[in-house]
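The values are calculated or read from the model by the stated rules, or taken from the named source; none is laboratory data. This is a predicted model, so every value here is computed, not measured. Here the Cβ is made from the backbone with ideal geometry for all residues, glycine too, and neighbour counts use every protein chain on show.
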Amino acid sequence: MSDTIQMWLEISFDVLYLVVVWGLVLTMKYREEVVVPNRRQMAKLIRYAFSLLAFGDTFHVGSRVIGYFMPQGLDATIALFDREVGLVGWSAFVTAVTVSLFYNGAGKCLFSHGRHSAVSR
């Protein structure tokens with residue numbers, strides 16, 4: 001497969017992925033009222049967790065799409081705190097942090113000991 005085809009496949013997938021993830025976040029927001037009232041707080045926490053995931057992925061995946069259109073490609077660098085850092089590498093770090101926070105938050109929602117736990121005991 002040529003590099004051009006591979007690039008456009010990745011860009012298409014990345015954009016479609018972001019549309020789906022942000023679509024899920026918006027759907028959760030606008031359908032919140034159909035959630036049983038005593039579960040709305042948990043639904044809101046899950047939406048916040050997905051928003052965090054979408055934000056991190058937007059940063060990472062979006063920077064890959066931007067990188068493809070820069071002269072240096074995916075090796076493009078940006079100035080951050082007076083240092084040159086790789087755009088894709090920096091965005092991968094941001095995604096790692098947000099995904100970690102996502103799973104931490106999702107785990108707390110699912111396995112909390114309170115009355116709002118998603119897992120029955």
Listed residues M28, M1; which is surrounded by fewer than 11 Cβ atoms within 10 Å (Cβ to Cβ) and over 22 Å from L87 (Cα atoms)? M1
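Each row is one residue, and each column tells you yes or no for (1) surrounded by fewer than 17 Cβ atoms within 10 Å (Cβ to Cβ); (2) without any contact (Cβ under 8 Å) to a residue 24 or more places away in the chain.
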{"site": "V21", "(1), (2)": "no, no"}
{"site": "N38", "(1), (2)": "yes, no"}
{"site": "D57", "(1), (2)": "no, no"}
{"site": "I66", "(1), (2)": "yes, yes"}
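Matching residues to (1) at pLDDT 90 or above; (2) in contact with a Phe, Trp or Tyr (Cβ under 7 Å, 6 or more places away or on another chain); (3) of a type in the set (S, T, Y):
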site: L16; (1), (2), (3): yes, no, no
site: G23; (1), (2), (3): yes, no, no
site: Y30; (1), (2), (3): yes, no, yes
site: M42; (1), (2), (3): no, no, no
site: E84; (1), (2), (3): no, no, no
Read through the list (1) touching a helix residue (DSSP H, G or I) at 6+ places or on another chain (Cβ under 8 Å); (2) modelled with pLDDT under 85, then give the number of the only condition that Y48 fails. (2)
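Among T95, T58, which is the only one that is modelled with pLDDT under 85 and closer than 30 Å to D3 by Cβ?
T95
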Taking the stretch 1-19 on its own, how many of its residues are free of Cβ contacts under 8 Å to residues at least 12 places away in the same chain and either touching a strand residue (DSSP E or B) at 6+ places or on another chain (Cβ under 9 Å) or among the hydrophobic types (A, V, I, L, M, F, W, C) (or both)? 7
For L87, which of the numbered conditions (1) surrounded by fewer than 14 Cβ atoms within 10 Å (Cβ to Cβ); (2) touching a strand residue (DSSP E or B) at 6+ places or on another chain (Cβ under 6 Å); (3) of a type in the set (A, V, I, L, M, F, W, C) fails to hold? (1)
Since Q72 meets every condition but one in (1) under 30 Å from N104 (Cα atoms); (2) loosely packed, with under 13 Cβ neighbours inside 10 Å, which condition does it not meet? (1)
